[in-house]
Amino acid sequence: MINISESFSTDIINVWNKYKDIYFAKNSPLTPISVVSKDLLFIGLNPSIRKNINIEEIKYKGVMDTYKVSHCNDKYFGKFYTISEGVGKTNNWTHFDLLFYRGSQAEVINVIKDDENNGCSFIYEQLMISKKILEGLNPKIIVICNKLAAELTGYNKTKDKNGNEIRKWMDLPFEIGETSQTLNGIPVIIAKQINRFYKDAELQRLIETIKHQ
């Protein structure tokens, strides 16, 4: 088990303190209290701001907020319970978001594009912390939950018009074949964005894909 609160809170807080006067660091970073190595690892992009959240309560005050993975009836985390049960790994899964920044995927993209405020650096510094955390996990199968998260791992490297790699982000050492990909020998599945709108048919296709790994 990796206790993020104990081992990485200082690093995360240092990032927020560095950018605390910029709009994208106005809310506290959010991370699970800990992450446990399980057979099935779901990698997400970042935590959202849920409708029942009091915005004033999550304003950055020099501390990091933490959470525990919600129960199976949760609109988001419930999908992972369903998938893990479908592949015979009930309660043998864990979830980790690459970023601690709270917001929508569109807002993450806007931060990345914000050159004036060094948005890319803000994202990159979070990814370097997450890279250390992921190195401490030893799953048997990895599911990356959306395409932008896959890009940030370095799976799809950004290229310029001449085909030169210009943004590798985490630069994880993927081995990409014609029909499959691995990371340090671990099968990797790139899923269509898994969220509360993920359809049952899509969920079943993903379950079957995992079963065949």
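Any read-out appearing in this document is the output of simple, stated calculations on the displayed coordinates, not a laboratory observation. These numbers were taken from a predicted model, which means no experiment stands behind them.
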Taking every DSSP bridge whose two residues both lie in the stretch 94-213, the antiparallel percent to the nearest 5 is 75
Antiparallel DSSP bridges in the stretch 1-134: what percent, to the nearest 5? 25
For LYS147 and GLU178 in the same chain, what is the full-extension length gain: residue separation times 0.36 nm, less their Cα-Cα distance, in nm? 9.4 nm
Too-long pairs where the Cα-Cα distance tops 18 Å, listed order kept, from LYS140/LYS211; LYS147/LYS168; LYS89/LYS211; LYS132/LYS159; LYS18/LYS59; LYS140/LYS168: LYS132/LYS159; LYS140/LYS168
